[in-house]
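Worksheet: one structure, shown below.
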């Protein structure tokens, strides 16, 4: 419809990149010389979003297509630190290409004539398996620190290598993420860990020092010489999640955060108990404190943080193997996730294997269908 109305329009970004790599795109983005208001006037099911970047979301059947207007080469509005806080100056397709982040995301496909337009050498980088920032890497990271995480995501997702000049600042500029709103970091972190490459993502984030920015409490435990549980628990938990993605099964951020933050919760709960707090209240207080600190960096939505709390709280309940209490526990709506987490803990020696075996036998007789963890065993 944009073409019919006399506007330029191209498919751009990850959808084009994935097609060229022979992968199935999850979605397509469109870029055009029509302004957001002009796009909205053309499509009945369209809404405009964003202040930082004004975009149009067009609903076609059940698919949402993001439509962006060509960005100008003029300087965007920046904070004192150099971050772009608003970029709604519009220009040409050539100017737009230079404003995009990585060369392999700056390929423009014209569906009307089947032509591919490449202003920045993205096609050659794609052939060579190289991830390269457009322009001066340090400046581009400063403009938008989330690009640090996007670089890691493309490495793990595409199996490509970072160009040396694109990689070097990752070791130095992680502190810039402190200035990114927690809600925006949440979106990027969930993309990182729920893509089916969670293990590789964790390793890359740790390698570049970015894990310490995103999960400070977790990193502190990983540095403890006497903590023999945290790393195996995290690695196995992330591996289980990757396996589920590969099998086409759902995963929830609640379980991932339960895995990543458990060591901190357990330590805080033990400290409270040592100072006279009963075990169950200690666990709840520890969970609230740990999640509150984490939410300052990554704002996990309440529906997920509530489930994370339930998973942790039920670990205390698993210590009791009395039939009456067990019967109530297996009816809990979050029992399956908590049971899977308990099995994971048993696997790395964080809970008595005899307790895990008892619950496995009990839930097999009295519980719902077999869990994801048992299906994998």
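The table for this structure:
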quantity: Count - residues of the range 27-51 that are assigned to a loop (DSSP other than H, G, I, E, B) and closer than 17 Å to residue 108 by Cα; calculated: 4
quantity: Lone unmet requirement of (1) farther than 20 Å from residue 347 by Cα; (2) without any contact (Cβ under 8 Å) to a residue 24 or more places away in the chain for residue 186; calculated: (2)
quantity: Qualifying residue in the range 311-319 (condition: in the same structural domain as residue 355 (by TED's automatic domain parsing), modelled with pLDDT of 95 or more and either over 18 Å from residue 193 (Cβ atoms) or not in a loop (DSSP other than H, G, I, E, B) (or both)); calculated: yes
quantity: Qualifying residue in the range 281-292 (condition: under 23 Å from residue 201 (Cα atoms) and within 26 Å of the chain's Cα centre (by Cα)); calculated: yes
quantity: The range 1-26 - residue that is touching a residue at least 40 places away in the same chain (Cβ under 8 Å) and in a loop (DSSP other than H, G, I, E, B) and, of those, nearest to residue 50 (Cα to Cα); calculated: 13
quantity: Residues of the range 27-45 that turn out to be free of Cβ contacts under 8 Å to residues at least 24 places away in the same chain and buried (at least 17 other Cβ atoms within 10 Å of the Cβ), as a count; calculated: 1
quantity: Residues of the range 8-26 classified as within 16 Å of residue 70 (Cα to Cα) and buried (at least 17 other Cβ atoms within 10 Å of the Cβ), total; calculated: 5
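Let's see how each residue does on (1) in contact (Cβ under 8 Å) with a residue 12 or more places away in the chain; (2) within 20 Å of residue 291 (Cβ to Cβ); (3) surrounded by fewer than 20 Cβ atoms within 10 Å (Cβ to Cβ):
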residue	(1), (2), (3)
310	yes, yes, yes
324	no, no, yes
341	yes, yes, no
347	yes, no, yes
356	yes, no, yes
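The values are calculated or read from the model by the stated rules, or taken from the named source; none is laboratory data. Just so we're clear, the structure is a prediction, and the values are computed from it rather than from any experiment. Glycine also receives a Cβ, built like all others from the backbone with ideal geometry; neighbour counts cover every protein chain displayed.
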